[in-house]
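To start, the structure under review is shown below, and the notes come after it.
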Amino acid sequence: MLCLYAATMAAANSTHAHHLLADTELYCNEDFPCPEALHGRVTFWAHVYFKWGRSKAIFHDPDVPERVYSVVDTGKGCSNSVKSRLNRERKRIKTALYNTAKKLESSAPLSKEELHLASLFPGKNPNQLRRKSEKIRCQTGIRESFIKGLVRFNRYSYMVDNILAQYNLPPDIRYLPFVESTYNPRAYSKAGAAGMWQIMPSTARNLGLQLDATIDERLDPEAATHGAARYLTESRKSLTRLAQKIDPSVQDNEISPFVITSYNYGVNGMRRAIKRVNPDYMEVLEKYRSPSFRTAVKNFYASFLAARHVVKNAERYFGKELAPRPVKVVTVVLNNPTSVDRIKQVFGFSEEELRPLNFGLTRFIWNGWRMAPAGYKLKLPHREDEYVNEIAHFKSLPRENPMPESGTYVVRKGDTACGIARALQVNCRDLISANRLGKRALIRIGQKLIIPGGLFALEQSDSGGVERTVIQRIASSRDQQKYRVVRGDTACGIARKYSVGCRELIRFNNLGRKAIIQVGQSLRIPGISNNRLGLARLDEGNRYLVVRGDSACRIASRFNVDCSELIRLNNLNRKATIFPGQRIRIPGFEAPQTNETVTELAQLDKAIAEAGSKQVDAPMEVERPELDNLLDTIPDLSVRVSQTGSTPAYSIIAMAEETLGHYADWLGIGYAGPVRKLNSMSVKASLSIGRKIKLPIDSVEQISRFERKRVEFHQILNEELKENYQLVEIRSHVVKKGDTVWNLATEVGFPVSLFYRLNPDLLRISLVPGQQVLIPILRERA
């Protein structure tokens, strides 16, 4: 039997009331032990699941969760939107604990509330009450979410049970997704974990899950369950070997709490804890100290036991009997890359009907930016005839041309101007200008946007990715070297139209400081050439990709620009040495970044830094459209070329969520061994953010493939984040002792990658107490 104490305060017009929660019976089995000392924690989390709803804010001791001080109905739980009310309640509890401690020392009579508070502390030690008054945690109830989770459990548990059996894992692991996501396959955390099993991007690749522009298998319930099962299998093997090496008498079920906790803390984290203490879970819980071993980790196993208990007693707590109903579907394997529009037309289903069965298809597919790749197993609602006629018709259709049928796009939820531009591989400034979106680049759902440049061809591979991109953003008039001025034209307006530098156009035509032009005047467009091969090799940043046989002056001649100016613009050495794979800027072809908000970000950084000396942890007020566009910023992900002797050396700077395995995949070499060897990294060595990594590159095509896949990887993470959250403010934060980027990311709620985009100077250095950093504040979309 377990008992949970919940202290609440009774008052007129108040939501507080003193009471003791009912005892909770807990039954354990051989697979997952329930140490007596853990019962209080389990009971607390059981009440979070079955008793307290999302409007309730539960104030409790983070070290002893069952020590509940008050339960307040704020209407929004512990949300930041009721922050002032939460602060008042936290201050009230702190004062009450201080007053109780003071009276205990002086033996003064205690009030009813003070007697209750004192009863929560065995021994009634005044110093302990004072210490605990500084650590008061707020937890939101999730009763409503848990009930929805039971419905999803009925839908997916049959599939989960079968997969767990395939891996010979204990069947009760089926309750773990309740802790992670309440069984929601579309769940997406602020830190970037996705799906029913809340898998991080960097972990996905190690678990064999596909994550690219077209497919994110973290969101596919079946694929993600296989990934989670692989993780838990390897975790048990690793932790069992270590534990039995330290203590040969350790039983298999004694490892279970470590295995479950490793799903939150990582296998390496659990190995460090076991080595530091010993293979006794309760002893680790009490004695292990680490900046990352915090409340969520310490309570993970207890919350798992609580979820198991509540689900097993669902009828008692919710009046709902579990009735698993496995989902029946018809699976169609795509022979060729296929647009979602064709799928909807042939089979007669809407996106709302198809998407719940195909969560693994990304936003790029549903938005029409890419096609579902060949080999994808499309799931359709069950039908007795299994769509025999439709499938026959579907397979008889010719292969689709990936070129868009029109130069327009209809805005969807979570879109931003620069996100659309990047996905369609056009210049953001051009898109904003073509649609007259203004400085804020404000767009609305359902708005039809013109895609500038009209013609752009995306040659798509069978995998659904873009194998080769030839972008002709320049209208046919750009093939001409001259432009005739019409009424309303300005020099810079013409320059923007042709994606060339305004100053270069003015200099090229000797227009003078005032850049005066006349209607009917003929202007030469700098850098324009009829050589389409040269133009085709310009990337989205209007840079030229060097190939074998190129020289600086040969490139300059191809684009009809001055060779010495090209050399100066690219800071080339006296010999103007260039290498295959190097990206060269062409004078007159300089274009703004695909995302204009990089400049805005730098301005924000400066403004917040200046304000930081006046106010700490203060929000930086920026209008939402600008903040939304900040989520589209992507750092420079291009391959860097340098000279080592007579041969070029290729390298990158490692970014958040990337792994050596990703690099091997993007290079097309299959495994990470060559990358490790080139960088003198052992098999156990981990990749640190900001580290310079050398790449084994043999061709220009390999560079193009690597850069394209790398950009798409980060872009799909951006798109998924935008679909679920809005960036509502940016705060200046002063680093405290014990702060790490990961701890801040999990506690505040933001992806590590977004932190480094806001704080690029920190890529290669650790946080230092007193240092000022920028913190993004995200809010879930309605």
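The values are calculated or read from the model by the stated rules, or taken from the named source; none is laboratory data. These figures come from a predicted structure and were not determined experimentally. Backbone-built Cβ (ideal geometry, glycine too); neighbour counts: all protein chains shown. Surface areas here come from the heavy atoms of the whole protein model, side chains and all, with no ligands, DNA or RNA. Shrake-Rupley method; radii C 1.70, N 1.55, O 1.52, S 1.80 Å.
Counting only residues that are in a strand (DSSP E or B) and within 18 Å of H393 (Cα to Cα), how many does region 326-346 have?
The number of residues fulfilling the criteria is 5.
Which of the residues belonging to region 352-406 are assigned to a helix (DSSP H, G or I), surrounded by 14 or more Cβ atoms within 10 Å (Cβ to Cβ) and in contact (Cβ under 8 Å) with a residue 12 or more places away in the chain?
Matches in region 352-406: L354, L357, R363, F364, I365, W366, E390, I391, F394.
Give region 639-657 a look and list any residue that's under 22 Å from V700 (Cβ atoms), open to solvent by less than 20 Å² (accessible area, probe 1.4 Å) and not β-branched (V, I, T), or say none.
Within region 639-657, just S651 meets the criteria.
In this structure, is A165 more than 29 Å from the chain's Cα centre (by Cα), open to solvent by 20 Å² or more (accessible area, probe 1.4 Å) and closer than 30 Å to A194 by Cβ?
So A165 passes the test.
Any idea which of Y175, Y156 is touching a Pro at 6+ places or on another chain (Cβ under 6 Å) and farther than 30 Å from K91 by Cβ?
Y156
Would you mention how many residues in region 183-220 are open to solvent by less than 20 Å² (accessible area, probe 1.4 Å), among the aromatic types (F, W, Y) and on the phi < 0 side of the Ramachandran plot?
1
Can you find, within region 128-138, the residue that is nearest to the chain's Cα centre (by Cα) among those that are open to solvent by 50 Å² or more (accessible area, probe 1.4 Å) and either modelled with pLDDT of 95 or more or of a type in the set (K, R) (or both)?
Looking at the filtered set, the residue picked out is R137.
Give me the pairs: first residue in region 488-507 and more than 13 Å from R524 (Cα to Cα) and surrounded by fewer than 19 Cβ atoms within 10 Å (Cβ to Cβ), second residue among the hydroxyl-bearing types (S, T, Y) and at pLDDT 75 or above, beta-carbon distance under 9 Å, and six or more apart or on different chains, which are they?
Partner pairs satisfying both residue conditions: D489/Y483.
Considering only region 553-561, I want to know if a residue exists there that is small (G, A, S) and either at pLDDT 80 or above or within 20 Å of L505 (Cα to Cα) (or both).
yes
Condition check: open to solvent by 20 Å² or more (accessible area, probe 1.4 Å), polar (S, T, N, Q) and without any contact (Cβ under 8 Å) to a residue 60 or more places away in the chain. Does S766 satisfy that?
So S766 passes the test.
Being at pLDDT 85 or above, closer than 30 Å to K448 by Cα and of a type in the set (D, E, K, R) narrows it down to one residue among R363, R412; which is it?
Values: R412 fails: at pLDDT 85 or above.
Step by step, each of R363, R412 is checked, and only R363 is at pLDDT 85 or above, closer than 30 Å to K448 by Cα and of a type in the set (D, E, K, R).
Collect the residues in region 729-763 that are open to solvent by 40 Å² or more (accessible area, probe 1.4 Å), modelled with pLDDT under 90 and of a type in the set (A, V, I, L, M, F, W, C), keeping them in residue-number order.
W742
Would you mind listing the helices (runs of 4 or more DSSP H) fully within region 261-320 where at least 2 residues are open to solvent by 30 Å² or more (accessible area, probe 1.4 Å)?
267-276, 281-287, 295-298, 314-318
Mind telling me which of the residues V711, V728, V748 ends up being farther than 17 Å from L424 by Cα and either within 12 Å of the chain's Cα centre (by Cα) or assigned to a helix (DSSP H, G or I) (or both)?
Every option except V748 fails the conditions.
Check off (1) buried (at least 20 other Cβ atoms within 10 Å of the Cβ); (2) at positive phi for T100 and give me the number that stays unchecked.
Status for T100: all satisfied but (2).
Counting only residues that are in a helix (DSSP H, G or I) and more than 21 Å from G738 (Cβ to Cβ), which one in region 759-782 is nearest to the chain's Cα centre (by Cα)?
For region 759-782, the residue satisfying everything is P760.
In region 321-335, which residue that is of a type in the set (A, V, I, L, M) and in contact (Cβ under 8 Å) with a residue 60 or more places away in the chain is least open to solvent (accessible area, probe 1.4 Å)?
V332
Consider F349 carefully, then state whether it is of a type outside the set (S, T, N, Q), at pLDDT 95 or above and either in contact with a Lys or Arg (Cβ under 8 Å, 6 or more places away or on another chain) or not in a helix (DSSP H, G or I) (or both). Lay out the reasoning, then the answer.
Details: of a type outside the set (S, T, N, Q): yes; at pLDDT 95 or above: yes; either in contact with a Lys or Arg (Cβ under 8 Å, 6 or more places away or on another chain) or not in a helix (DSSP H, G or I) (or both): yes.
Considered against the rule, which asks whether it is of a type outside the set (S, T, N, Q), at pLDDT 95 or above and either in contact with a Lys or Arg (Cβ under 8 Å, 6 or more places away or on another chain) or not in a helix (DSSP H, G or I) (or both), F349 comes out as yes.
So which residues in region 172-206 are aliphatic (A, V, I, L, M) and under 19 Å from the mean Cα position of the chain (by Cα)?
Matches in region 172-206: A187, A191, A193, A194, M196, I199, M200, A204.
Quick one: would you say L86 is at negative phi and open to solvent by 40 Å² or more (accessible area, probe 1.4 Å)?
no
Taking the criterion of being charged (D, E, K, R), more than 25 Å from the chain's Cα centre (by Cα) and under 15 Å from D172 (Cα atoms), would at least one residue in region 291-312 satisfy it?
Looking through region 291-312, at least one residue is charged (D, E, K, R), more than 25 Å from the chain's Cα centre (by Cα) and under 15 Å from D172 (Cα atoms).
Please go through region 103-118 and pick out each residue that is open to solvent by 70 Å² or more (accessible area, probe 1.4 Å), more than 19 Å from R67 (Cα to Cα) and not hydroxyl-bearing (S, T, Y).
E105, P109
Just one of the numbered conditions (1) of a type in the set (G, A, S); (2) closer than 24 Å to H309 by Cα; (3) open to solvent by 40 Å² or more (accessible area, probe 1.4 Å); (4) touching a Phe, Trp or Tyr at 6+ places or on another chain (Cβ under 9 Å) is not true of G141; which one?
Against the list (1) of a type in the set (G, A, S); (2) closer than 24 Å to H309 by Cα; (3) open to solvent by 40 Å² or more (accessible area, probe 1.4 Å); (4) touching a Phe, Trp or Tyr at 6+ places or on another chain (Cβ under 9 Å), G141 comes up short only on (3).
Report yes if Y156 is at positive phi, crowded, with 18+ Cβ neighbours inside 10 Å and either touching a residue at least 12 places away in the same chain (Cβ under 8 Å) or not in a helix (DSSP H, G or I) (or both), otherwise no.
Taking the combined requirement at face value, the residue does not satisfy it.
Please state which one of R585, R568 is modelled with pLDDT of 65 or more, farther than 29 Å from I432 by Cα and more than 22 Å from the chain's Cα centre (by Cα). First the steps, then the outcome.
Working: R585 fails: farther than 29 Å from I432 by Cα.
Just a single option satisfies the conditions, and that option is R568.
From (1) in contact (Cβ under 8 Å) with a residue 40 or more places away in the chain; (2) in contact with a Pro (Cβ under 7 Å, 6 or more places away or on another chain), pick out the condition that doesn't hold for W52.
The one condition W52 does not meet is (2).
Given the condition over 16 Å from R67 (Cα atoms), out of contact with any helix residue (DSSP H, G or I) (no Cβ under 9 Å at 6 or more places or on another chain), of a type in the set (K, R) and part of a helix (DSSP H, G or I), answer yes or no: does some residue in region 119-133 qualify?
no
Among the residues of region 646-682, count how many are polar (S, T, N, Q), farther than 23 Å from P760 by Cα and in contact (Cβ under 8 Å) with a residue 24 or more places away in the chain.
Matching residues across region 646-682 total 0.
For region 633-653, enumerate the residues that are part of a strand (DSSP E or B) and at pLDDT 75 or above.
Scanning region 633-653 gives R640, V641, S642, T647, P648, A649, Y650, S651, I652, I653.
Of all the residues that make up region 407-437, how many are assigned to a helix (DSSP H, G or I) and more than 28 Å from the chain's Cα centre (by Cα)?
Residues in region 407-437 being assigned to a helix (DSSP H, G or I) and more than 28 Å from the chain's Cα centre (by Cα): 2 in total.
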